[in-house]
Structures are given as structure tokens and as C-alpha cells.
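Working notes, structure below.
The values are calculated or read from the model by the stated rules, or taken from the named source; none is laboratory data. These numbers come from a predicted model, not from an experiment. Here the Cβ is made from the backbone with ideal geometry for all residues, glycine too, and neighbour counts use every protein chain on show.
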Amino acid sequence: MAQLTLDRWNITFGGDAPLAVIAGINVIEDLDLALTTGKALKAICADLGLPYVFKASYDKANRSSLKSFRGPGLKKGLEILAEVKSQLDVPICTDIHTPEECEPVAAVADLVQIPAFLCRQTDLVVAAARATHAAGGLLHVKKGQFLAPWDSKNILDKIKEATGGAEMTLMCERGVSFGYNNLIVDMLGIGEMQKLGAPVTIDATHAVQLPGADPRTGGASTGGRRDGVSIIAKSAVAAGADGVFLEFHPDPDKALCDPLSCLPLDGARALLTTLKAVRDAVR
């Protein structure tokens, strides 16, 4: 089974490596929130012996409304992520949206993420692959909500062709949309993507989204089912996922982005302890 390693951090994804945790906040609200959340999650993962990568977005470009909070933007956002990396001594995961962002992001982020809706955008995939490979990082590609698991092969092939055959990509399952404001997660898809030669993570946070179905805004923002996050995460780990992608907030209902699908930070230890136990049971 495929394994990939962030050499600088000695973190391995896939195979018989421990369950990887990519977790943090949905979007950067301020430095203090990022540090508070990252510090807490790093400590929990260290106690459990789980490799940890801090995640936060500097820009949420895919919003339902122009009124939705997007974050501090590229320049300020990367400054904050660099500060988190320095102060907490953790690797960073963040997402990109245009080819022009790839080089500056790859200079800070260790795990460069391609959003699900953009996973077939060739210019973005190629630019991200080349910049990330040159910087010594890895790619985390979210499988589009419109793709079958085996369609990920085309994405993996593009990345290899753009980098002279580099093995550098983790795939991420985050659900499939059949319309009507819902997402469905096919747990069998995790193994199908692993057959393509890539470690696979589960984005349990975004898998419980209800696109365009937030009753508080009349559909002007995305809804969610927070209580379903742990169900999706446990199921995916039982199905063989190599890592989990989770978003937390000290007060989820006050989160500036996707509050209905992020988890309370004070519940992180219990959930990650359970996920580790599930992983140990099925290995």
C-alpha cells in the first residue's frame, strides 16, 4: 500500500503508519484562534501518538453569497500560517484556488490542498504539483463531489506527468452530491482510491454539509449536520482511511464559516481517542 512522507517532519501517510490527523479551523479568523486551536490539537495528538498537521484556510473562495466571510486573504493569511508554523512547530495544510497562488503557498504550507470543486482544473493542478514538488511538500487533493473514486486516476496522472513521475499526492474523500442539498459518502470508495496508489483521507467535516440549505439564511449559506461528523469519521477509519480531516472551533456556533459542520474544540480528545481505537482494531 502506498506511503508518502513529509521528510522535514518525519510524518508518514498510508500503509502501516499511524492514523494521520489534519485538523484545525475552517478559515483564519485571527492569529489567536489559530494558535489556541493548533496548540490544543497538537497536544492531544502527541498524547495519542498520532501525527498532526495544522489546517486553516486563508481564503474561502467558494462561498454561497458575497456576504459570506472569506478570511484575511493570501498575504495576511500566509503571514499568520507562517507564525503558527513557527510558534507551534507544526506542518501546515491550506488550500489554493488559482495557479498564481501556488508558489507562495508552497513556500509556507507542507501539505498543499486542492479543493474538490477545482480538482479537474488542469492549470491549477499542474501549477500546484510543480510548486509543491519543488518546495518538498505533498499535495492533498479533495475528490470532486461529481467524480467516481476511480476517476481520481486522471488527477494522479496529471500530477505525475507534471513532475516527472513524482509520488506526492494524498486523495481525500468528502462525499458525492446528487443534488437536493445533500452529500453521500461511499465508504467503499476509500479502498478504490487506495488501489490507485495514493493514501486516502476522509474529510468528515465537509462530508456532512448541506449545500445551500442553511435554514438561518434561507439557503444563502451552507447547512450542516455536526452530529454526523463523528459517524463519518469512525466509519471511514473502519473502512481503512489513512487519515482524518477535521475542523474545530472553541465555540462552533460563533464560527465565521460553516458553523453547522465544525466540532467543538473541547470534544477533540474524545473523538481522536475513539478514532485511534478504531484504527488499531481494524489494522
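Among residues belonging to region 136-178 that are modelled with pLDDT under 95 and in a strand (DSSP E or B), point out the one that is nearest to VAL53 (Cα to Cα).
Ranking the qualifying residues of region 136-178, first place goes to VAL176.
From the set of residues in region 1-20 that are assigned to a strand (DSSP E or B) and touching a Ser or Thr at 6+ places or on another chain (Cβ under 6 Å), which is surrounded by the fewest Cβ atoms within 10 Å (Cβ to Cβ)?
THR5
Across region 70-102, what is the total count of residues that are among the small types (Gly, Ala, Ser), touching a strand residue (DSSP E or B) at 6+ places or on another chain (Cβ under 8 Å), without any contact (Cβ under 8 Å) to a residue 60 or more places away in the chain and assigned to a loop (DSSP other than H, G, I, E, B)?
Selection size over region 70-102: 0.
Please find, within region 238-263, the residue that is nearest to LYS195 (Cα to Cα) out of those that are assigned to a helix (DSSP H, G or I) and touching a Pro at 6+ places or on another chain (Cβ under 7 Å).
Quick first cut of region 238-263, residues assigned to a helix (DSSP H, G or I) only: 238, 252-254.
Subsequent filtering for residues that are touching a Pro at 6+ places or on another chain (Cβ under 7 Å) retains 252-253.
Working: PRO252: 36, ASP253: 39 Å.
Of everything passing the filter in region 238-263, PRO252 is nearest to LYS195 (Cα to Cα).
Over 16 Å from the mean Cα position of the chain (by Cα) and charged (D, E, K, R): is that true of LYS60 in this structure?
No.
Kindly list the number of the only condition in (1) assigned to a strand (DSSP E or B); (2) modelled with pLDDT under 95; (3) of a type in the set (Asp, Glu) that fails for ASP214.
Against the list (1) assigned to a strand (DSSP E or B); (2) modelled with pLDDT under 95; (3) of a type in the set (Asp, Glu), ASP214 comes up short only on (1).
Check off (1) exposed (fewer than 15 other Cβ atoms within 10 Å of the Cβ); (2) of a type outside the set (Lys, Arg); (3) under 27 Å from VAL185 (Cβ atoms) for SER68 and give me the number that stays unchecked.
The failed condition is (1).
Could you check region 236-274 and list, in sequence order, the residues that are under 26 Å from LYS143 (Cα atoms), among the hydrophobic types (A, V, I, L, M, F, W, C) and surrounded by fewer than 16 Cβ atoms within 10 Å (Cβ to Cβ)?
Listed by number, the list holds a single entry, ALA238.
Any idea how many residues of region 148-174 are crowded, with 21+ Cβ neighbours inside 10 Å and of a type outside the set (A, V, I, L, M)?
Residues flagged as crowded, with 21+ Cβ neighbours inside 10 Å and of a type outside the set (A, V, I, L, M) within region 148-174 amount to 6.
Being of a type in the set (A, V, I, L, M) and at pLDDT 95 or above: is that true of ALA238 here?
When the stated conditions are applied, ALA238 passes them.
Checking the conditions here, which among LEU74, LEU78 is crowded, with 19+ Cβ neighbours inside 10 Å, hydrophobic (A, V, I, L, M, F, W, C), farther than 24 Å from VAL244 by Cβ and more than 14 Å from the chain's Cα centre (by Cα)?
Of LEU74, LEU78, the one residue that is crowded, with 19+ Cβ neighbours inside 10 Å, hydrophobic (A, V, I, L, M, F, W, C), farther than 24 Å from VAL244 by Cβ and more than 14 Å from the chain's Cα centre (by Cα) is LEU78.
Could you grab me the full set of residues in region 103-129 that are assigned to a strand (DSSP E or B) and out of contact with any Leu (no Cβ under 6 Å at 6 or more places or on another chain)?
GLN113, ILE114
Restricting attention to region 1-15, does a residue exist that is of a type in the set (D, E, K, R) and over 17 Å from LEU138 (Cα atoms)?
no
Just to verify a result, which residue in region 1-27, among those that are touching a Phe, Trp or Tyr at 6+ places or on another chain (Cβ under 6 Å) and among the β-branched types (Val, Ile, Thr), is nearest to LYS76 (Cα to Cα)?
The selected residue is ILE22.
Which pairs have Cβ atoms under 7 Å, sit 6 or more apart or on different chains, and link a residue in region 260-278 that is within 21 Å of GLY49 (Cβ to Cβ) to one that is at pLDDT 95 or above and of a type in the set (S, T, N, Q)?
LEU265/THR37; LEU271/SER230
Mind checking whether some residue in region 84-106 is surrounded by fewer than 15 Cβ atoms within 10 Å (Cβ to Cβ) and within 14 Å of the chain's Cα centre (by Cα)?
no
Looking for whichever is under 23 Å from GLY191 (Cα atoms), surrounded by fewer than 22 Cβ atoms within 10 Å (Cβ to Cβ) and free of Cβ contacts under 8 Å to residues at least 60 places away in the same chain here; the options are GLN145, GLN113, GLN121. Which one fits? Walk me through how you get there before you give the answer.
Working: GLN113 fails: surrounded by fewer than 22 Cβ atoms within 10 Å (Cβ to Cβ); GLN121 fails: under 23 Å from GLY191 (Cα atoms).
Every option except GLN145 fails the conditions.
Might you let me know whether region 28-51 holds any residue that is in contact with a helix residue (DSSP H, G or I) (Cβ under 6 Å, 6 or more places away or on another chain), assigned to a strand (DSSP E or B) and surrounded by 15 or more Cβ atoms within 10 Å (Cβ to Cβ)?
No: zero hits.
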